[in-house]
Each structure stands twice: as structure tokens, then as C-alpha cells.
Amino acid sequence: MTPSTTILIVEDTFEDRLLMTHFFTSIGYTVVVAVSGAELRQKIAKEVPVDVILLDVNLPDGNGFALADELHLGDYAGLIFVTSRGEEHDRILGLDVGGDDYVTKPIQLKELAARIRSVLRRRLPKNAANLPDNYREFAGWMLDPVRRELFCPAGEVLPLTSAELNVLNALAAAEGNVVG
């Protein structure tokens with residue numbers, strides 16, 4: 001996550017919207033909120049810069065799948081469907097209309113944060129010069145020494161001891177050179 005990472009939460013349920021907004025702002029994301037398809041359209045029309053969109057499928061004025069397809073949301077930003085609709089055909093449709101991921105409710109916030117990081121990593125340009133300054137990348141793995149997190153290529157966070165973090169950080173910083 002970079003300091004300017006912005007998430008657009010499109011969710012009509014007050015409790016879910018409040019829960020996600022509070023959690024993601026508490027871990028350093030900037031959060032923009034829309035409660036309907038109409039508000040989502042306004043944000044897109046105003047070209048509000050966002051990195052990831054968390055989109056509910058069941059909105060009071062439209063269907064999230066149709067909105068994603070019509071507005072090409074997967075081209076605009078990373079797109080994760082967050083919905084109570086968990087049937088296989090819904091998950092497939094969500095991915096087919098441009099979704100990067102599909103999460104069913106009830107929401108597990110730490111897992112959703114890991115999925116967001118995974119989407120962000122996949123959307124980063126492949127050259128290391130465009131990675132956030134604190135990230136180290138090696139063989140598809142990403143190490144954030146400031147947040148003390150190691151992400152495997154699938155996006156999962158692996159816990160590290162202090163010693164493991166120090167060794168990995170030194171090896172990743174050496175970029176293939178011998179470390180003495």
C-alpha cells in the first residue's frame with residue numbers, strides 16, 4: 001500500500017459501510033464512499049482517483065455486475081465484489097465483468113485487506129522502480145519491512161519473527177549479491 005492508496009466503497013448497508021470505512025482508514029487507506037449506483041457514477045464522472053473499488057452487487061438502484069460491465073470498472077481501478085451473493089454463477093459473472101476478486105459476506109476485514117493488497121500488487125507496473133519505497137520484491141514475493149509483512153505470490157500475509165524479517169530484508173536489499 002502506498003500512502004496515497006484510495007479505496008472506493010460502494011455499499012448501501014450502513015453497518016457494512018461503516019465497518020469497512022473505519023477499518024480501512026485505521027490501517028492507512030483513504031476511503032471514498034458511495035451508497036448507490038448513482039453515486040458511483042458521479043464519482044467516476046468526476047474522475048475521483050481510486051486504486052480499488054469494493055462493490056456490492058445488490059444496490060438500491062442497480063446491479064453491481066451491470067454497473068461494472070457498463071462502466072468498465074475493472075479498467076478504471078482494481079475491482080473486488082463484496083456481496084452476500086455467493087453462488088458459483090455469481091462469482092463467475094463477477095470475474096467475467098472485470099472483477100479482480102470476489103468476497104462473500106460476512107466480511108473478514110483482515111482477509112479483505114490482504115485481497116486488496118494482492119490486487120494492488122498485480123496492478124503495479126512490473127518494474128521495481130515503481131514499487132513503494134519501502135517494498136522489497138523477490139521471486140514474486142513482496143516484503144514490507146516498515147509494516148513487517150511478507151506477502152506470498154498469492155497475496156497471503158505470512159507472519160515473520162524479527163530475525164526472519166531482518167534476514168529477508170537484508171537478502172532482498174542485496175538483490176542477488178552475496179551477503180556477508
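Taking the numbered list (1) modelled with pLDDT of 80 or more; (2) open to solvent by 50 Å² or more (accessible area, probe 1.4 Å) in turn, R147 passes all entries but (1).
Would you confirm, using the coordinates I've provided, whether A68 is open to solvent by 10 Å² or more (accessible area, probe 1.4 Å), touching a Gly at 6+ places or on another chain (Cβ under 9 Å) and not aromatic (F, W, Y)? The answer is no for A68. Being at pLDDT 95 or above and open to solvent by less than 50 Å² (accessible area, probe 1.4 Å) is true of V57. Yes or no: the range 122-138 includes at least one residue that is within 23 Å of R17 (Cβ to Cβ), open to solvent by 80 Å² or more (accessible area, probe 1.4 Å) and either at pLDDT 70 or above or aromatic (F, W, Y) (or both). Scanning the range 122-138, I find no residue that is within 23 Å of R17 (Cβ to Cβ), open to solvent by 80 Å² or more (accessible area, probe 1.4 Å) and either at pLDDT 70 or above or aromatic (F, W, Y) (or both), so the answer is no. Annotation note: of L54, L19, L95, L79, the sole residue that is part of a helix (DSSP H, G or I) and touching a residue at least 12 places away in the same chain (Cβ under 8 Å) is L19. Among the residues of the range 2-11, those that are among the polar types (S, T, N, Q) and open to solvent by 10 Å² or more (accessible area, probe 1.4 Å) comprise T2, S4, T6. For the range 101-111, a residue qualifies if it is open to solvent by 90 Å² or more (accessible area, probe 1.4 Å) and over 14 Å from the mean Cα position of the chain (by Cα), and exactly one does: P106. When restricted to residues that are of a type in the set (A, V, I, L, M, F, W, C), closer than 24 Å to R85 by Cβ and open to solvent by 10 Å² or more (accessible area, probe 1.4 Å), the range 32-54 contains 6. Taking the condition open to solvent by 60 Å² or more (accessible area, probe 1.4 Å) and of a type in the set (G, A, S), does A77 pass? Criteria not met by A77. Of all residues in the range 81-100, none satisfies being within 23 Å of R121 (Cβ to Cβ), open to solvent by 40 Å² or more (accessible area, probe 1.4 Å) and of a type in the set (V, I, T). Residues in the range 22-51 that are over 28 Å from E149 (Cβ atoms), free of Cβ contacts under 8 Å to residues at least 12 places away in the same chain and in a helix (DSSP H, G or I): Q42, A45.
Restricting attention to the range 12-31 and to residues that are of a type in the set (S, T, Y) and touching a strand residue (DSSP E or B) at 6+ places or on another chain (Cβ under 7 Å), the residue that is surrounded by the most Cβ atoms within 10 Å (Cβ to Cβ) turns out to be Y29.
Results for (1) over 13 Å from the mean Cα position of the chain (by Cα); (2) within 25 Å of R122 (Cβ to Cβ); (3) modelled with pLDDT under 95, shown as yes or no for each residue.
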residue	(1), (2), (3)
H22	yes, no, no
V31	no, yes, no
K46	yes, no, yes
G64	yes, yes, no
D75	yes, yes, yes
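Taking the numbered list (1) among the basic types (K, R); (2) farther than 30 Å from D144 by Cα; (3) out of contact with any Leu (no Cβ under 9 Å at 6 or more places or on another chain) in turn, K105 passes all entries but (2).
The values are calculated or read from the model by the stated rules, or taken from the named source; none is laboratory data. Not measured: the values here are computed from a predicted model. Ideal geometry is used to build each Cβ from the backbone, glycine not excepted, and the neighbour counts take in all protein chains shown. For accessibility, only protein heavy atoms count, side chains too; no ligands or nucleic acids. Shrake-Rupley method; radii C 1.70, N 1.55, O 1.52, S 1.80 Å.
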